[in-house]
Amino acid sequence: MTDTLTIALGQMDVVPGRPRLNVDNMLRMIQEAKEQSVDLICFPEMCVGGYLLGDKFLEDAYCEELMSYNEELLAASNDIAIAYGNIYVNGSTEGHHPNKDGRSRKYNAVYVMQNGTYAERVQENGILPTGVQPKTLLPNYRFFDDERYFFSLYDVAIDYGKDLSALLSPFLISKGDQRIPIGMELCEDLWCHDYRADGEPINITKILIAAGAESIVNLSASPWTFMKNNARDRRVKYLREQSGSFVKYYYVNCVGVQNNGKNVITFDGGSTVYNEEGDPCILSKKGWEEDLMVIDEKASFLPTKRPRGNTIREKYLAIFNGLKNSSNMLGDDPHFVIGLSGGIDSSLVATLLVLAFGKEKVVGVNMPSQYNSDKTKGAAKALAENLGIEYLVLPIEDMVKSNTHILQLDGKPLSEFNLENVQAKIRGASILSNLSAKYRYFFTNNGNKVEIALGYATLYGDWGGAITPIGDLTKTEVADMCHYINDEVFGKEIIPELLLPDALWRFGEAQIQPTAELKSNQVDPMKFGYHCKLLEEITNFRKKSIEDIMTWYVEGNLHEKLGIGLDMMLRWHIDDPKEFLRDLEWFYDTIQKNVFKRVQSPPIILTSKSSYGYDIRESILPVLKTKKFKALKERIMAMDTYMAK
């Protein structure tokens, strides 16, 4: 009978902390759905107030404000059924049922209503409120903190001594004289493979189908990561195989940008309808944009092939949308002042800002000292001209001299390293931050992931800024994105080619190697390409330790594990065991020693499966060399050369 229902998926832009804006958007979509004779419209998880609200969820008054919008939506449900995500706070005084922290019990819940009343279940349980279903599986990894704030349906079952199936029942959606059972899930309930009880996955879908659900709707707030839609397709297929019988599965996700204070997290939508075989058959055609998908009796449920993404293109879109849709962080009309060194990182960030906000919103500032070459100054100017942005040249040599004089009044000279930091702090604190205040503009942090990992920047200098657009890109990805923007976005050279290396990170004589230009003949100490791949393994969701890397070296498959050629290892002399060990210890030790800098970094736009910020949570600890490390070091020291398999 579900085929008689016309169902709409409201893939909407959810703006965190702006419930009035979100609800108005929902009301607009509801009206559009009514005009298209929709029977049931479904919106994403936590779409009223936003999913990433941090400890605002601990404030009862804030939660009450979010819940107050339920009445407006209830009134809008005349002649249509509505399902949407919002917080539910248990205000019952019957018995003692607190959250696990002793505060009021809160649920990440789906609300279901129709014709001005909350929808009934096939089987009411006397525990849960009518029309409200809490999320069963609460993620507690990466930046997901559901367990910190919410009580799960699984824990409700334990609290009341019930089997979980007693609390999971489809909601009845009316059409004419029919009452059609529809199962409702929230986001993680789909990703049940790793949630176990009695030796089996806690399969919410299977329970709901057994309880009579003729279709399943999953309301999600699922962040973008590369190939996430394909991973979701595999999980739905797993549900089909694990459940035995299956039904049509409707997945609705949000778009937009949310943040946790340390990471800017993008949502690309990807709303999809799956058929009874668990195959994707109807895909939203509006990635990163709002979409009202209406699925009626004319819809085809034949399998369709999902287009395979391009890594750099998708990461470009994540950063572009992360910037463009960050109004909740940066305001509705942000302007930017950016330090343009003439290097590849600031060139990419400036280009991304122009693409996201327009050239009139960006001011480039070159701040040369005696160490800046004509090449880098020329590259900065050429980029500004290519982008058509306002460009300032503010030499800092006089400020360096006056600062040096003042800092040496104690009779103690500054070291070469001290003088490097003085220059960086003048550029960041004295010039960019003050121009930012003068113009009422933001200034950006231009660091990439490798620099952030190694602390290759100066606190109160180039470590500052309001946002870090490329802080989750390795240096290799920075170069790849520059090529993509030149070739695919503009179709011509915007970012100067003299900044872009070959595949082995080699530069011609006329090109510009990565350099901080804080002293004479300075070049960056990283082994780009190799270190980029090493960092990806170190910070992957399934993180690899220094011992893992050393084991791969001993076994002769390091190049295969990192996905690099032997020519890259020869390029950086990593085939020499002693150089491999020296470099590896420096790399790991330097990363650990710079946690204190990373915890002070501006918000980073997330583009990987494990980003610095709040995705990777770090304590400031000393470097630890394990017994296994010492044993492996002895083995490698005894090797003559790397023996590739």
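Nothing in this text is a laboratory measurement; each read-out follows from the coordinates by a stated rule. Because the structure is a prediction, the values reported are computed rather than measured. Don't worry about glycine lacking a Cβ; one is built from the backbone with ideal geometry, like all the others, and counts go over all protein chains shown.
From the list (1) 52, 35, 31; (2) 49, 28, 24; (3) 40, 34, 22, can you say which value of semi-axes √(5λ) of the Cα gyration tensor in Å was derived from the structure given?
Working out semi-axes √(5λ) of the Cα gyration tensor in Å from the coordinates points to (2).
Under a straight-distance cross-link criterion of Cα-Cα below 16 Å, which aspartates and glutamates are reachable from residue 593, leaving out those fewer than 8 residues away in the same chain?
By straight Cα distance, residue 593 reaches 451, 583, 585, 618.
Suppose we flag chymotrypsin sites (Phe, Trp or Tyr not before Pro) only when DSSP calls them loop and at most 12 other Cβ atoms lie within 10 Å. Which is the longest uninterrupted stretch of the chain?
Result, exposed sites excluded: 142-540.
For the stretch 578-645, which GluC sites (Glu not before Pro) are both in a DSSP coil and crowded by at most 15 other Cβ atoms within 10 Å?
Passing both the DSSP loop test and the Cβ count: 618.
To the nearest 10 degrees, how steeply does helix 228-243 sit against the main Cα axis of the chain, on a 0 to 90 scale?
40
Checking the cross-link filter: which aspartates and glutamates have an alpha carbon closer than 17 Å to that of residue 359, excluding same-chain neighbours under 8 positions apart?
Here the aspartates and glutamates satisfying the reach criterion relative to residue 359 are 332, 333, 385, 390, 493.
Just from its helices, what would the mean residue ellipticity at 222 nm be for the chain, if runs of 4 or more DSSP H residues each count -39500 (n - 2.57) and the sum is divided by every residue, rounded to the nearest 500 deg cm²/dmol?
Per the formula, -9500 deg cm²/dmol.
How far is helix 416-425 tilted, in degrees, relative to the longest principal axis of the Cα atoms in the chain, given as a value from 0 to 90 rounded to the nearest 10?
50
Mind checking which aspartates and glutamates have their Cα closer than 12 Å to the Cα of residue 56? Skip sequence neighbours fewer than 8 apart in that chain.
Within the straight-line cut-off, residue 56 pairs with 64, 65.
Pop out the ³J(HN,Hα) list for the stretch 52-63 in order, Karplus 6.51 cos²θ - 1.76 cosθ + 1.60 with θ = phi - 60°, rounded to Hz; leave Gly and Pro as x.
Calculated HN-Hα couplings, in order: 9, 10, x, 6, 4, 5, 8, 8, 4, 5, 5, 5 Hz.
If you stretched the chain out fully between residue 230 and residue 415, how much longer would it get, using 0.36 nm times the residue separation minus the C-alpha to C-alpha distance?
Going from the current span to full extension adds 61.3 nm.
Taking the Cα centre as origin and putting +1 on Lys and Arg beta-carbons and -1 on Asp and Glu beta-carbons, what dipole magnitude results for the stretch 2-309, to the nearest 20 debye?
That gives the stretch 2-309 a dipole magnitude of about 860 debye.
Quick check: residue separation of residue 300 and residue 595 times 0.36 nm, minus the Cα distance between them. What number comes out in nm?
Length gained, residue 300 through residue 595: 100.9 nm.
Using 0.36 nm times the number of residues separating residue 623 and residue 493, minus their current alpha carbon distance, what extension gain do you get?
42.4 nm
Are there GluC sites (Glu not before Pro) in the stretch 95-156 that DSSP puts in a loop and that have at most 13 other Cβ atoms within 10 Å, and which ones?
Those that pass, being in a loop and sparsely packed, are 124.
For a label point 7 Å from the Cα of residue 640 along Cα→C-beta, name the residues of the stretch 565-591 whose backbone N is under 16 Å from it.
575-578
Going by amide H atoms built from the backbone, whose H comes under 5 Å of the H on residue 263, apart from near neighbours?
Result for residue 263 returns 604, 614.
What's the magnitude of the charge dipole for the chain around its Cα centre, counting Lys and Arg as +1 and Asp and Glu as -1 at the beta-carbon? Answer in Debye, nearest 20.
For this selection, approximately 1420 debye.
Roughly what % antiparallel, to the nearest 5, for the DSSP beta bridges in the stretch 249-379?
Counting DSSP beta bridges with both partners in the stretch 249-379, the antiparallel share is about 75 percent.
Considering Cα pairs under 8 angstrom that are at least six residues apart, work out the relative contact order of the chain and quote it in whole percent.
11
Specify which residue in the list 139, 433, 632 is farthest towards the positive end of the charge dipole of the chain, using unit charges on the beta carbon of Lys, Arg (+1) and Asp, Glu (-1), about the Cα centre.
632
Which of the residue pairs 449/543; 237/286; 492/527 have a Cα-Cα distance greater than 26 Å in the structure shown?
With Cα atoms farther than 26 Å apart: 492/527.
Here are some pairs, 544/633; 381/425; 135/175; 315/597; which of them have Cα atoms lying more than 19 Å apart in this structure?
Over 19 Å Cα-Cα: 381/425; 135/175; 315/597.
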